[in-house]
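Throughout, read-outs are computed from the coordinates displayed, never taken from laboratory work. Remember, it's a predicted structure, so these values are computed and weren't measured experimentally. Here the Cβ positions follow ideal geometry from the backbone for every residue, glycine too, while neighbour counts run over all protein chains shown.
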Amino acid sequence: MPVELDGVMYFATESPVWGGGRAFYDPGVRGRVLARAHLVSVGQFSDIAAQEMYREPGVDLDLTEALSEGRAVLGGGRYEALVCPGALDGVPVLTFTAPWSVDELEWNKPSASYVRVLGSGLLEAGAWDVDTVARYLAACPGAAGRWTAREVEELIAESE
């Protein structure tokens, strides 16, 4: 399901899997984030988050603080902050991101394969056309000035 959140998506650090900057979400900065929402159980969300945090899956996260305060920091590493930016049809929207903000570290260009996957996923949500998705991704900090909207469009087209 397509979702638009307040905040900014940016690319930073270095992913050993993707070979470039990782996507992070900073809800504390004015902007617009295009995203996809998936309805998952607490256990499924906990397992996905644990894997991204390099933790052992199988233990449900305590979501109390994230749900009541909008944010819970579980550690200092990447993807160790839980964020609840609101609700969708009465169901809380939860995600995980870095505990730092967009201005606290150097941005890093995301790899072509990562941009392709992100762009294709947003396009599959069905709310935005390829031009909107490409312009959005090319404007995100870390990608801006390093990827053009046209190049992102070409990457997305390669996955179709």
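Brief remarks follow.
- Measuring nothing but how far apart in sequence close Cα pairs (under 8 Å, 6+ apart) lie, relative to its length, the chain scores a relative contact order of 24 percent.
- Taking other residues whose beta carbon is less than 11 angstrom from the beta carbon of PRO99, and scoring Lys, Arg as +1 and Asp, Glu as -1, yields -1.
- Net charge of neighbours whose Cβ lies under 11 Å from the Cβ of ALA49, counting Lys and Arg as +1 and Asp and Glu as -1: -3
- Rounded FRET efficiency, nearest 0.05, which uses the C-beta distance separating ALA37 from ASP131 and R0 of 22 Å: 0.50
- Computed with the Debye formula from one identical point scatterer per Cα of the chain, without solvent, the log10 of I(q)/I(0) at q = 0.11, 0.14, 0.19, 0.20 Å⁻¹ comes to -0.43, -0.71, -1.31, -1.43.
- Inter-probe distance in nm under a simple model that places probes 7 Å from Cα toward Cβ, at GLN44 and LEU88: 1.2 nm
- Label zone at LEU105 (point 7 Å along Cα-to-Cβ), backbone N below 20 Å, region 7-48: 7-30, 48
- Stokes-Einstein D for region 22-77, Kirkwood Rh over Cα pairs, 10 °C, 1.306 mPa s (µm²/s): 122 µm²/s
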